[in-house]
């Protein structure tokens, strides 16, 4: 199997991740925060350490790191947590359905409205597009770290700075990028970071992060038992308890913690460099072919993450992906849960074939992929 | 380690569960429903089979089984999914904070109101208490299958029948009980069943179920990418896609599926009989001690699940639990995220020590536990 679908979930996971999950069934198989006996304490301690590792990784405060079931949950919690009746949001035209669908629903129910700002190759223009979309009732900008389809990277820090001038929150969707792109909460000056655990951070599927700054205290999306203040009918006020109701995914968190350690050891910049090299090779090899459309040129001046979308002119993206699958290659064809981005790039009808490498992808994988694509494109 | 905290999470998990989770990192480590290649298809197939197994177990329809991150999420999704502005709910006085805290929050924000119906040893009286609490705007009754603190089992089918006479939905919280108490959706005539995956069903922590009848279509709690209808800014209308946004917890679901198989092989009735035998033994051994308060007599005519709460008169429940922990015994002391139930039983100040066995608990474990409690109670 030649795996080029790390944008969906990373594969393989490091051994340390798989081992941590397996060991958790013995070491941490007790409900943390809900028992005073040894294994429950060990479980709570592991979760504290994982929280602390994630906080360190994102340069956030430990108690502000919330473990979730995935980035979709995190984004819903962030959006609905800051939305008030009559709120307005500004999002980029690259956002995923996990941003657009919650907003669209809130809009339809009359609770909020939202505007879409265009990301262009000119950073100043992009920032201006966001600012021009601000209204008096704008509560938050939501912007992706990197397009999950095209790898385009909006100038997030600049957008955040402008948003803050108007008292508007900046919510970062780091699903695509965290683990190979630097995500420093304080440098970016993000108010909320939403992140998947199972992509660039190499954690298990079913894990995610919601990271809050000290300046924000969103409403809760779910409430329930937290093992704290149990006598009270009200949700605790303090983080992370306030945002973590119910039994945590102990096994998943144990794995995610090892995933973050793995990235820290390999180093983000090395991973990025490696993935960029793979993508550049593929790009350069496919560029001469007239029958292949490559989206988002790697060297057109727009910052871009190692995500490459392409199409073979005469073929639907799903068909190309299926032909590659016959050769044991895993890539995703079709739409990538991001209709806005596809509309922007004119691929809403045909979709794209997406190539997303990881730290584990090697040159031979890329060579095999390129040869298969060339054969199909002939 | 002598583990008597299966009410928090079951331990140990069957080998098949641990193996399935571990194997999932190789076999199913691709995002289901988001790729047409082999491992993504295998992943999707595994999830379909898990869904089908759960549907069969609860006598529900496959497409109406929704995988969630836990029972707290399921209950929030159920409650907020059927709540409209001005809705009224009726709950039992045994409900967990995962029911009470969401309702309390909705009440405080002016969106809904709720009443608490008393569960008594007289089933007819209990049913009457529920019916008396019904109002014209009551949308749903939420009732536990079994109290997580005292094991008391309200007459759920009778309550459901009365609720339906008034056009009121019946939502069952089966967190405590599913796996050893029979939960047949059609026999109970429940509209929604919320269930943990990591307790009686022996799945990993971080798994849960939301099971819907064909007569109910709640609003969504979160929206996002589903891998389906990707061109649309709106959440799909059909179940389970409508209720499962974002990458599923593939590893957890693989484990839960094996957990359900394990229960089906061991058989619910055998597990119940085994656990009842353990609890009866402990109860009978401790009953003669004046210094021990046993809650909910096993033979007082009220249907009861194998959950035993007790206190040593001179000691706080946390202290007793800590002393037992020193002997390697895992029990939970304090409040059990169920303040209503503690208030009902007069233990809101002191909490209780809770004993919850499982299929894996043997007589020697119970003997050791009993001897330790007797020593502490002296």
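Identify the single condition in (1) more than 30 Å from residue A:140 (Cα to Cα); (2) surrounded by fewer than 24 Cβ atoms within 10 Å (Cβ to Cβ) that residue A:51 does not satisfy, given that it satisfies every other one.
Going through (1) more than 30 Å from residue A:140 (Cα to Cα); (2) surrounded by fewer than 24 Cβ atoms within 10 Å (Cβ to Cβ) one by one, residue A:51 breaks only (1).
For every residue, the table says whether it meets (1) closer than 27 Å to residue B:24 by Cβ; (2) at pLDDT 95 or above; (3) not assigned by TED's automatic domain parsing to the domain that holds residue A:164.
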{"residue": "A:204", "(1), (2), (3)": "yes, yes, no"}
{"residue": "A:208", "(1), (2), (3)": "yes, yes, no"}
{"residue": "A:212", "(1), (2), (3)": "no, yes, no"}
{"residue": "A:218", "(1), (2), (3)": "no, yes, no"}
{"residue": "A:223", "(1), (2), (3)": "no, yes, no"}
{"residue": "A:230", "(1), (2), (3)": "no, no, no"}
{"residue": "A:233", "(1), (2), (3)": "no, no, no"}
{"residue": "A:237", "(1), (2), (3)": "no, no, no"}
{"residue": "A:248", "(1), (2), (3)": "yes, yes, no"}
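Condition check: within 11 Å of another protein chain (Cβ to nearest Cβ) and in contact with a strand residue (DSSP E or B) (Cβ under 7 Å, 6 or more places away or on another chain). Does residue B:38 satisfy that? Full working, then the answer.
Details: within 11 Å of another protein chain (Cβ to nearest Cβ): yes; in contact with a strand residue (DSSP E or B) (Cβ under 7 Å, 6 or more places away or on another chain): no.
So residue B:38 does not fit the description; no.
Do you know which residues across region B:296-336 are assigned to a loop (DSSP other than H, G, I, E, B), touching a strand residue (DSSP E or B) at 6+ places or on another chain (Cβ under 8 Å), away from chain A (no Cβ under 13 Å) and surrounded by 15 or more Cβ atoms within 10 Å (Cβ to Cβ)?
B:296, B:298, B:302, B:305, B:306, B:307
Take region A:341-353 and flag every residue that is at the interface with chain B (Cβ under 10 Å from one of its Cβ atoms) and either under 30 Å from residue A:267 (Cβ atoms) or out of contact with any helix residue (DSSP H, G or I) (no Cβ under 6 Å at 6 or more places or on another chain) (or both). Step through it out loud before you land on a result.
Looking only at region A:341-353, we keep the residues that are at the interface with chain B (Cβ under 10 Å from one of its Cβ atoms), and these are A:342-343, A:348-349, A:351.
Scanning region A:341-353 gives A:342, A:343, A:349.
What is the residue count in region B:9-25 for residues that are within 22 Å of the chain's Cα centre (by Cα) and either surrounded by 24 or more Cβ atoms within 10 Å (Cβ to Cβ) or not in a helix (DSSP H, G or I) (or both)?
Total meeting the criteria: 8.
Considering only region B:125-241, give the strands (runs of 3 or more DSSP E) lying wholly within it that have at least 3 residues that are crowded, with 24+ Cβ neighbours inside 10 Å and within 14 Å of another protein chain (Cβ to nearest Cβ). Before you say what the answer is, go through the steps one by one.
Values: elements: B:138-144, B:169-173, B:192-196, B:208-212.
Of the strands (runs of 3 or more DSSP E) lying wholly inside region B:125-241, those with at least 3 residues that are crowded, with 24+ Cβ neighbours inside 10 Å and within 14 Å of another protein chain (Cβ to nearest Cβ) span B:192-196, B:208-212.
Okay, residues lined up against (1) in contact with a helix residue (DSSP H, G or I) (Cβ under 6 Å, 6 or more places away or on another chain); (2) without any contact (Cβ under 8 Å) to a residue 24 or more places away in the chain; (3) away from chain A (no Cβ under 11 Å):
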| residue | (1), (2), (3) |
| --- | --- |
| B:24 | yes, no, no |
| B:52 | yes, yes, yes |
| B:63 | no, no, yes |
| B:73 | no, no, no |
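Looking for something touching a residue at least 24 places away in the same chain (Cβ under 8 Å) and within 9 Å of another protein chain (Cβ to nearest Cβ) - is there at least one such residue anywhere in region A:80-89?
From region A:80-89, those touching a residue at least 24 places away in the same chain (Cβ under 8 Å) are A:80-89; that's our starting set.
Now narrow it down to the ones that are within 9 Å of another protein chain (Cβ to nearest Cβ): A:80.
Yes, region A:80-89 contains a residue that is touching a residue at least 24 places away in the same chain (Cβ under 8 Å) and within 9 Å of another protein chain (Cβ to nearest Cβ).
When you go through B:116, B:99 one by one, which is the residue that is in contact with a strand residue (DSSP E or B) (Cβ under 8 Å, 6 or more places away or on another chain), at negative phi and not in a helix (DSSP H, G or I)? Break it down into steps so the answer makes sense when it comes.
Working: B:99 fails: not in a helix (DSSP H, G or I).
The conditions single out B:116.
For residue A:354, which of the numbered conditions (1) part of a helix (DSSP H, G or I); (2) buried (at least 24 other Cβ atoms within 10 Å of the Cβ) fails to hold?
Here residue A:354 clears every test but (1).
Those residues that are in a helix (DSSP H, G or I) and surrounded by 24 or more Cβ atoms within 10 Å (Cβ to Cβ), I need them from region A:242-257; list them, please. Show your work before the answer.
In the first step, residues of region A:242-257 are kept if they are in a helix (DSSP H, G or I); the result is A:242-243, A:250-257.
A:243, A:250, A:251, A:252, A:253, A:254, A:255, A:256, A:257, listed by residue number.
Restricting to region B:218-234, what's the tally of residues that are within 22 Å of residue B:193 (Cβ to Cβ) and over 28 Å from the mean Cα position of the chain (by Cα)?
Within region B:218-234, residues that are within 22 Å of residue B:193 (Cβ to Cβ) and over 28 Å from the mean Cα position of the chain (by Cα) number 0.
Have a look at B:276, B:290 and point out the one that is in a loop (DSSP other than H, G, I, E, B) and either surrounded by fewer than 20 Cβ atoms within 10 Å (Cβ to Cβ) or free of Cβ contacts under 8 Å to residues at least 40 places away in the same chain (or both). Walk me through how you get there before you give the answer.
Details: B:276 fails: in a loop (DSSP other than H, G, I, E, B).
Selected residue: B:290, the only one of B:276, B:290 that is in a loop (DSSP other than H, G, I, E, B) and either surrounded by fewer than 20 Cβ atoms within 10 Å (Cβ to Cβ) or free of Cβ contacts under 8 Å to residues at least 40 places away in the same chain (or both).
Could you tell me whether any residue of region A:361-370 is in a helix (DSSP H, G or I), out of contact with any strand residue (DSSP E or B) (no Cβ under 9 Å at 6 or more places or on another chain) and more than 25 Å from residue A:201 (Cα to Cα)?
Scanning region A:361-370, I find at least one residue that is in a helix (DSSP H, G or I), out of contact with any strand residue (DSSP E or B) (no Cβ under 9 Å at 6 or more places or on another chain) and more than 25 Å from residue A:201 (Cα to Cα), so the answer is yes.
Could you tell me which residue of region B:26-44 is surrounded by the most Cβ atoms within 10 Å (Cβ to Cβ), considering only residues that are part of a helix (DSSP H, G or I) and touching a residue at least 12 places away in the same chain (Cβ under 8 Å)?
To start, the set of residues in region B:26-44 that are part of a helix (DSSP H, G or I) comprises B:26-27, B:38-44.
Then drop every residue that is not touching a residue at least 12 places away in the same chain (Cβ under 8 Å), which leaves B:27, B:39, B:42-44.
Values: B:27: 15, B:39: 21, B:42: 15, B:43: 26, B:44: 21.
Only one residue fits best here, namely B:43.
The values are calculated or read from the model by the stated rules, or taken from the named source; none is laboratory data. Here the structure is a predicted model, which is why all the values come from computation and not from measurement. For neighbour counting, all protein chains shown are included, and Cβ atoms are generated from backbone atoms with ideal geometry for every residue, glycine included.
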